[in-house]
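We did not get these values from a lab; they are worked out from the coordinates using the rules stated. The model shown is predicted, which means the values in this text are computed figures rather than measured ones. Here the Cβ positions follow ideal geometry from the backbone for every residue, glycine too, while neighbour counts run over all protein chains shown.
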Amino acid sequence: MTERKTPPPTDGAESRASSSESYTAREIDATAMKAFAHPLRMEMYEWLGTHGPATATMLARHTGESTGQTSYHLRQLARHGFVEEDAGRGRGRERWWRAVGFSVRAALMSDDDGLRPAVDLMLRVQQERRSAELSEWLRRASAAESAGEAEKAWVDASTNSRTTATMTAPELDALRDAVMRLVHEHTERAKERRGVEGAAGLGPASSSGDGAVADPGTAEESRRVRVYFDAFPLPAAE
């Protein structure tokens, strides 16, 4: 079971894929997990992953905390490798930060009793966020008929599906790796496209509150896209 946490192209963490492919996120240890399992730190990390790089001041506005608090918790996240400075955006005194991908071994989650509260908190927050995001998208998708052709195109491009099959553990392992590799391929391709556009002077001209970005010189709108992928065995038959 794997969830790849990505720097702004990228949730709670789950166990790492056994493969050492480039799409596999950095594995964290028990100390780092305990440091991450703090409500404000998880909220800040989630915001960075959803909206992209930000400063302590921007995160303070989002969370309602002081800049002193957000600065402190950013330093703690950076200490354990969950965020890193986005030096390319550094124009002035305030530092910009971006999320860094991570994963956790299943054995670490189950073998350390002292880690259980941190694991439970992360998994609960993760599931609540997933459910809320999917519910909000389904609500918006149902209203897309009256929202114009642009919104309909996003609805047509999205998916919410489920498949059930009888497989062996190695077959499930292969499926997981194949899907993760494909997701990585497409997200990296999108990053390269944005880099080329930026170098050509076609970078984002404007951004709306929902993360939509209009790319001058193109007719296409870019948005942050969330990809969830779960693949797991059902309970064995009695």
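Sorted by average packing, counted as other Cβ atoms within 10 angstrom per residue and highest first, what order do 57-69, 160-172, 181-193, 39-51 take? Can you show the working numbers first?
Values: 57-69: 14.8, 160-172: 8.2, 181-193: 13.2, 39-51: 19.3.
Averaged packing, sorted descending, gives the order 39-51, 57-69, 181-193, 160-172.
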Taking the number of other C-beta atoms within 10 Å as the exposure measure, put 232, 36 in order starting with the fewest. 232, 36
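Relative to the compact globular guide of 2.2 N^0.38 Å, what is the alpha carbon radius of gyration of the range 113-158, as a ratio? Walk me through the numbers on the way to the answer.
Numbers: Rg = 16.6 Å, N = 46, 2.2 N^0.38 = 9.4 Å.
So the Cα radius of gyration is 1.76 times the expected 2.2 N^0.38 Å.
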A correct fewest-to-most ranking of 228, 72 by other Cβ atoms within 10 Å would be 228, 72
Please turn the phi angles of the range 150-166 into ³J(HN,Hα) values with the Karplus equation 6.51 cos²θ - 1.76 cosθ + 1.60 (θ = phi - 60°), one per residue in order, whole Hz, x for glycine and proline. 4, 5, 4, 5, 5, 5, 5, 7, 8, 8, 9, 9, 9, 10, 10, 9, 9
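If you place +1 on the Cβ of every Lys and Arg and -1 on the Cβ of every Asp and Glu, how big does the dipole about the Cα centre of the range 113-158 come out, in debye to the nearest 20? Kindly include the intermediate steps, with their values, before the conclusion.
Details: 7 positive and 9 negative charges, 34 e Å.
Dipole magnitude for the range 113-158 comes out near 160 debye.
May I ask for the Kirkwood hydrodynamic radius of the range 60-193, worked out over all distinct Cα pairs and given in angstroms to one decimal?
Details: mean 1/r = 0.0511 Å⁻¹.
Kirkwood hydrodynamic radius for the range 60-193: 19.6 Å.
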Sequence-distant residues sharing a close amide H with residue 83 (under 5 Å, placed H): 78, 100
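Taking other Cβ within 10 Å of each residue's Cβ, how do 75, 93 sort, fewest first?
93, 75
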At a Förster radius of 35 Å, what calculated FRET efficiency corresponds to the Cβ-Cβ distance of residue 236 and residue 57, to the nearest 0.05? 0.10
In whole Å, how far is the Cα centre of the range 158-184 from that of the range 93-152? 19
If I stretch the segment between residue 145 and residue 161 completely, what's the gain in nm (0.36 nm per residue apart, minus their alpha carbon distance), one decimal? 3.7 nm
Given Cα pairs under 8 Å that are at least 6 residues apart, what percent is the relative contact order of the range 22-105? 38
